[in-house]
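Below: one structure, written as C-alpha cells.
The values are calculated or read from the model by the stated rules, or taken from the named source; none is laboratory data. This is a predicted model, so every value here is computed, not measured. Heads up, the Cβs are rebuilt from the backbone with ideal geometry, glycines too, and the neighbour counts pull from every protein chain shown.
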Amino acid sequence: MVRYQISSHDPASHYFSVSMTIENPDPEGQRLRLPNWIPGSYMIRDFSRNLLDLQASVDGAALKIEQHDKSNWQVESYVGAIRIDYKVYALDLSVRAAHLDHTHGYYNGSSVFLEAVGQGDAACEVLIERPAPDYCRDWKLATSLPRNGAAAWDFGEYRAADYDELIDHPVEMGTFERIAFEACGVPHDIILSGRFSCDHDRLAADLKQVCEHHIRFFGEPAPMDYYQFQVLAVGDGYGGLEHRASTSLIASRNSLPQVGVEEVSDDYREFLGLCSHEYFHTWNVKRIKPAAYQPYDLQQEVYTDLLWAFEGITSYYDDLALVRSGLITHDSYLELLARTMTRVQRGRGRQRQSTAESSFNTWTKFYQQDENAANAIVSYYAKGSLIAACIDLKLRQASGGERSLDDVMRRLWNDYRETGEGISSNRIQQLVSEIAGQDLDGFIQPMIYGTDELPLVELLQSAGIEVTQRVAINSQDKGGKAAEGELPQVDFGAMLKDDSGGILIQRLREGGSAQIAGLSPGDQLIAVDGLRLNLGQLEQRLLRAQPGDRWQLHAFRRDELHVFELALQAAETDTFVLQADEDEGTPRYGWLAG
Ligand SMILES: [Zn+2]
C-alpha cells in the first residue's frame with residue numbers, strides 16, 4: 001500500500017504540496033521516480049523539472065536522498081514506513097500536466113505523484129485535501145478516480161488499484177458546472193470550468209448521441225462503468241487527452257453551443273469532433289494498443305510505427321460518428337473530409353515521410369514541429385485518417401457494402417477482450433485482408449510505409465462522391481467549399497500574416513516562389529515593386545498576376561533590409577471539394593450511413 005496526500009496552502013502561488021507514505025519500503029533503499037512523459041502525448045516533458053523540496057523522513061527524522069538522474073531518486077535504506085514530502089509547481093495550462101491558481105486546480109497524476117519503484121502494482125490511497133484559503137470553500141472536485149470515502153464531488157479519500165490507474169484519472173477542482181447524461185445505461189458527466197455560457201441540454205443531448213454511437217460501434221457493454229468529460233473553456237485554445245474513463249479538453253468558449261442557436265457552427269462541430277475523438281480512444285489506444293505500450297515505460301521514449309492507426313483511425317471515426325449519428329449533414333461531413341485532404345495535399349512532407357515513419361519519429365518531429373514541418377513531415381493524424389477512409393471504402397467496395405473498417409475495429413476489440421494483448425505492427429493489415437477475403441497487402445502496405453499519393457480520389461468516386469481539385473482562393477481557404485468569384489493563377493508559396501509595419505513570413509513551401517526567391521521564415525516583407533502593402537493588398541495583387549510575372553520585394557531580415565527578385569509560379573490545384581452525386585443523393589455501399 002502506498003498512501004498519498006495532496007493539498008495546497010496557497011493556490012495563487014501555484015504549488016501543490018504532496019506527501020507520500022510507503023509502508024514497506026525496499027530495505028535496500030527505496031527508489032522513487034516521476035514520469036518523463038504522459039501517455040497520449042508523445043514528447044519527453046521532464047515533469048520532474050517542477051518538483052521541489054523533496055524530503056524523506058521517519059517520525060520527523062530526516063532520511064538521506066540520493067539523486068540518480070533527472071527523474072530518479074533513492075532514499076536511504078530503512079525498515080519500516082517512510083514519509084516523502086515535496087512540492088510541485090503547477091502553471092501549465094494544458095491537458096498534459098498540472099495547473100493551479102486562485103480560480104481552479106487541475107492535475108494529471110503523472111505530474112504530481114512519485115512512483116515507489118517496485119511497488120507500482122501496489123494499491124494506492126489518495127487523500128485530496130481542499131486547498132486552505134477561504135476562497136476555496138465552495139470548490140468541488142471532479143475526477144473518475146474511484147472514491148474511497150469521499151462524498152460525491154467533494155475532497156476526501158480516493159483510491160487506485162495501482163500506480164498506472166492512479167495517474168490515468170486527472171483531477172479538476174474549482175467551481176465548475178456539471179451536466180449529467182446517460183449513454184447506453186452508463187452515467188456520464190460533463191465538467192465545464194472557466195468563463196463561458198453554454199446550452200447544457202443541447203450539449204448533453206449531442207454528446208449522448210456521440211457516446212452511444214461509439215459504445216454500440218464496439219458493442220455493449222461499454223468498457224467503463226462511468227465516464228467524465230473535463231472541459232476547460234478559454235478564449236483561444238484547443239486540445240484533448242484521452243484516459244481510461246475520462247478525457248481532459250481545452251476548448252474555446254466560442255465552440256460551446258449557445259441557447260437559442262439551432263445550427264451547428266463550425267466551432268461547435270470542431271468541439272464535438274474533439275469530444276468524439278477522445279471518447280473513441282477509450283477503446284482505440286487506451287485498451288486496444290500497440291504491444292510496445294504494454295506496459296508503458298514512462299522514463300524514456302517508446303517507439304511504435306502504429307500511431308497512424310491509433311490516431312489516424314480515431315481521427316477518421318471522430319467526424320464520421322457525427323454524420324452517422326445525424327448531428328451533422330453529409331455535406332458538412334464531406335467538407336471536413338475535403339479539408340483534411342487539402343491539408344495533407346499542401347504539405348510537401350507527405351512526399352518525404354510515410355505515416356509509419358511519422359509515428360516512429362513523433363517524439364522529435366510531429367511533437368516538435370517548427371516552421372519547416374509541412375515540408376519535412378506528414379501528420380499521422382491527417383494522413384492516417386485518409387488511409388482509414390481508403391481502407392473503409394475499399395472494403396465496402398470489394399464486398400458490395402457488406403464489410404467495412406468497422407469489422408476490423410470490432411475484431412481488434414474482441415481480440416483485446418479475449419487476450420488483453422497489444423497489437424503487432426502488421427496486425428491491422430492482416431485483419432483487413434482476412435475480412436476482405438482477399439490479399440490486400442499490395443493495397444495497404446504502400447499507404448502506410450510509402451509516400452505515393454493515396455488512392456482516395458478513385459475510391460470516393462466509386463462511392464458516388466464527386467471530387468473537385470481547385471486552386472486556393474486565398475490564405476484563409478482551407479478547402480471543402482466550392483469557390484465563388486475569381487481565383488488567383490499564381491501562388492506566393494508562403495504562409496503570411498499581417499505584422500506591425502509589414503507582412504510576416506511564417507512558413508515557406510519548399511520549391512515555392514518565395515523560397516526560390518531567397519526569402520526565409522521570419523522575414524518581414526514591407527514592399528512589392530516599391531510600394532508598401534498589407535496582406536489583403538498582396539492578395540489583391542496576386543489575383544491580377546500571371547505565372548512568370550516578376551516582382552521586386554523589400555524585406556527585413558532581423559534589422560537588415562534586403563531586396564529579392566520573385567518569379568511567380570502557377571498556383572497548384574491543392575484544394576479539394578467533395579460533393580455527393582446529385583442523382584444518387586446518398587453515397588454507395590452504406591458509407592456515412594448510421
Ligand atoms: Zn488522439
Where residues in the range 325-340 are of a type outside the set (D, E, K, R) and in a helix (DSSP H, G or I), which of them is nearest to the ligand (Cβ to nearest atom)? THR340
Being β-branched (Val, Ile, Thr), in a strand (DSSP E or B) and at pLDDT 95 or above is the requirement here; does ILE505 meet it? yes
Just one of the numbered conditions (1) in contact with an Asp or Glu (Cβ under 9 Å, 6 or more places away or on another chain); (2) surrounded by fewer than 16 Cβ atoms within 10 Å (Cβ to Cβ) is not true of TYR135; which one? (1)
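Which one is surrounded by the fewest Cβ atoms within 10 Å (Cβ to Cβ), of the residues in the range 522-578 that are on the phi > 0 side of the Ramachandran plot and touching a Leu at 6+ places or on another chain (Cβ under 8 Å)? Walk me through how you get there before you give the answer.
So the first thing to find is which residues in the range 522-578 are on the phi > 0 side of the Ramachandran plot, and the list is 522, 529-530, 548, 558.
Subsequent filtering for residues that are touching a Leu at 6+ places or on another chain (Cβ under 8 Å) retains 522, 548.
On the way: GLY522: 13, GLY548: 10.
Filtering first and then ranking leaves GLY548.
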Quick one: which of GLN55, GLN67, GLN74 is farther than 21 Å from ALA123 by Cβ, at pLDDT 95 or above and either in contact with a His (Cβ under 7 Å, 6 or more places away or on another chain) or aliphatic (A, V, I, L, M) (or both)? GLN74
GLY384: modelled with pLDDT of 95 or more, in contact with a Gly (Cβ under 6 Å, 6 or more places away or on another chain), within 25 Å of GLN537 (Cα to Cα) and not acidic (Asp, Glu), yes or no? no
Does at least one position in the range 246-254 carry a residue that is part of a strand (DSSP E or B) and without any contact (Cβ under 8 Å) to a residue 24 or more places away in the chain? yes
Among residues of the range 123-146, those that are part of a strand (DSSP E or B), under 16 Å from ASP164 (Cβ atoms) and hydrophobic (A, V, I, L, M, F, W, C), counted: 2
What residue, of ALA233, ALA251, is within 16 Å of the ligand (Cβ to nearest atom) and either within 16 Å of the chain's Cα centre (by Cα) or at negative phi (or both)? ALA251
Top-ranked residue in the range 188-214 [being more than 14 Å from GLY326 (Cα to Cα) and of a type in the set (S, T, N, Q); ranked as surrounded by the most Cβ atoms within 10 Å (Cβ to Cβ)]: SER193
Go through (1) hydrophobic (A, V, I, L, M, F, W, C); (2) away from the ligand (no atom under 16 Å from the Cβ); (3) buried (at least 21 other Cβ atoms within 10 Å of the Cβ) and name the single condition VAL259 misses. (3)
Can you find a residue that is buried (at least 19 other Cβ atoms within 10 Å of the Cβ), within 16 Å of the ligand (Cβ to nearest atom), under 30 Å from ALA580 (Cβ atoms) and free of Cβ contacts under 8 Å to residues at least 60 places away in the same chain anywhere in the range 341-360? no
Selection status of TYR106, touching a His at 6+ places or on another chain (Cβ under 9 Å), aromatic (Phe, Trp, Tyr), surrounded by 15 or more Cβ atoms within 10 Å (Cβ to Cβ) and within 30 Å of CYS275 (Cα to Cα): yes
Selection count where residues are touching a residue at least 24 places away in the same chain (Cβ under 8 Å) and either under 13 Å from ILE503 (Cα atoms) or more than 37 Å from the chain's Cα centre (by Cα) (or both), scope the range 537-560: 12
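Being exposed (fewer than 13 other Cβ atoms within 10 Å of the Cβ) and either within 13 Å of THR575 (Cβ to Cβ) or among the hydrophobic types (A, V, I, L, M, F, W, C) (or both) is true for just one of ALA472, ALA482, ALA463. Which residue is that? Walk me through how you get there before you give the answer.
Details: ALA472 fails: exposed (fewer than 13 other Cβ atoms within 10 Å of the Cβ); ALA463 fails: exposed (fewer than 13 other Cβ atoms within 10 Å of the Cβ).
Only one candidate qualifies: ALA482.
I'd like to verify a number: residues in the range 94-122 that are in a loop (DSSP other than H, G, I, E, B), over 17 Å from SER246 (Cβ atoms) and not charged (D, E, K, R), how many?
So the first thing to find is which residues in the range 94-122 are in a loop (DSSP other than H, G, I, E, B), and the list is 94-97, 101-103, 108, 113-114, 117-122.
Cutting the leftovers down to over 17 Å from SER246 (Cβ atoms) gives us 101-103, 114, 117-122.
Filter again for not charged (D, E, K, R), leaving 102-103, 114, 117-120, 122.
Qualifying residue count, the range 94-122: 8.
Which one of SER404, SER425 is closer than 23 Å to PHE360 by Cβ and either surrounded by 15 or more Cβ atoms within 10 Å (Cβ to Cβ) or not aliphatic (A, V, I, L, M) (or both)?
Working: SER404 fails: closer than 23 Å to PHE360 by Cβ.
On inspection, the qualifying residue turns out to be SER425.
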Show me the strands (runs of 3 or more DSSP E) found entirely inside the range 150-234 where at least 2 residues are of a type in the set (Val, Ile, Thr). 186-194, 227-234
The range 263-295 - residue that is away from the ligand (no atom under 16 Å from the Cβ) and farther than 22 Å from ARG195 by Cα and, of those, farthest from the chain's Cα centre (by Cα): GLU263
In the range 305-324, is there at least one residue being over 13 Å from the mean Cα position of the chain (by Cα), surrounded by fewer than 16 Cβ atoms within 10 Å (Cβ to Cβ), more than 16 Å from the ligand (Cβ to nearest atom) and in a helix (DSSP H, G or I)? no
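Applying the selection to the range 403-425, what residues are within 17 Å of LYS286 (Cβ to Cβ) and part of a helix (DSSP H, G or I)? Show your work before the answer.
Going residue by residue through the range 403-425, those that are within 17 Å of LYS286 (Cβ to Cβ) are 409-410, 412-417, 419-423.
Residues satisfying the conditions are MET409, ARG410, LEU412, TRP413, ASN414, ASP415, TYR416, ARG417, THR419.
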Please enumerate the residues belonging to the range 65-91 that are in contact (Cβ under 8 Å) with a residue 40 or more places away in the chain and of a type in the set (Asp, Glu). GLU76, ASP85
State whether one or more residues within the range 389-412 are at pLDDT 95 or above, touching a strand residue (DSSP E or B) at 6+ places or on another chain (Cβ under 6 Å) and closer than 26 Å to LEU298 by Cα. yes
Every residue from the range 40-56 that is polar (S, T, N, Q), surrounded by 15 or more Cβ atoms within 10 Å (Cβ to Cβ) and either free of Cβ contacts under 8 Å to residues at least 40 places away in the same chain or more than 16 Å from the ligand (Cβ to nearest atom) (or both): SER48, ASN50
Output the number of the condition that ALA292 fails; it satisfies all remaining conditions of (1) closer than 30 Å to GLY118 by Cα; (2) modelled with pLDDT of 95 or more; (3) touching a helix residue (DSSP H, G or I) at 6+ places or on another chain (Cβ under 8 Å). (3)
